[in-house]
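Beneath this line is the structure, given in C-alpha cells, with notes to follow.
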Amino acid sequence: MDMKEIVTSIPESVPVLMLHGTEDELIPVEDAHAFKKARESIDLTVVEGARHAFRGKKQLKLLLNTVSKW
C-alpha cells in the first residue's frame, strides 16, 4: 500500500488519531509507523501487546481513555 497517497487524500484540516497494537495479527505495526512518517501530524499511540481488536480489559481501557482524552 502507498501510505503517502492514502494519507495525503485526507485533508490536513482533519485531525487523525491512530492506535495500533504491537501484536496486531492482521495489520503490521510498521504500517502505522508508515502512516505517521507520511503525515507527521497524525497522533499515533502504539499499544504494547495489543492485538487487532484490542482484546483484554487492559488494552480496552487504554483505548477508551486515549480516545476520550483526545
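The values are calculated or read from the model by the stated rules, or taken from the named source; none is laboratory data. What you see is a predicted model; the values in this text were computed from it and never measured. Glycine also receives a Cβ, built like all others from the backbone with ideal geometry; neighbour counts cover every protein chain displayed. The area values use the complete protein model at the heavy-atom level, side chains included, leaving out ligands, DNA and RNA. Shrake-Rupley method; radii C 1.70, N 1.55, O 1.52, S 1.80 Å.
Of note:
- Sole exception among (1) in contact with a strand residue (DSSP E or B) (Cβ under 8 Å, 6 or more places away or on another chain); (2) hydrophobic (A, V, I, L, M, F, W, C); (3) assigned to a helix (DSSP H, G or I) for Val7, by number: (1)
- Qualifying positions in segment 10-40 - touching a strand residue (DSSP E or B) at 6+ places or on another chain (Cβ under 9 Å) and outside any loop (DSSP other than H, G, I, E, B): Leu17, Met18, Leu19, His20, Gly21, Val29, Asp31, Ala32, His33, Phe35, Lys36
- Residue in segment 46-54 that is open to solvent by 40 Å² or more (accessible area, probe 1.4 Å), at pLDDT 90 or above and in contact with a strand residue (DSSP E or B) (Cβ under 6 Å, 6 or more places away or on another chain) present: yes
- The residue pairs whose first member lies in segment 21-39 and is touching a residue at least 24 places away in the same chain (Cβ under 8 Å) and under 14 Å from Arg51 (Cβ atoms), whose second member is of a type in the set (Phe, Trp, Tyr) and open to solvent by less than 70 Å² (accessible area, probe 1.4 Å), and whose beta carbons are closer than 9 Å, counting only pairs six or more residues apart or on different chains, are Gly21/Phe54.
- Every test in (1) at pLDDT 90 or above; (2) surrounded by fewer than 14 Cβ atoms within 10 Å (Cβ to Cβ) is passed by Thr8 save one, and that test is (1).
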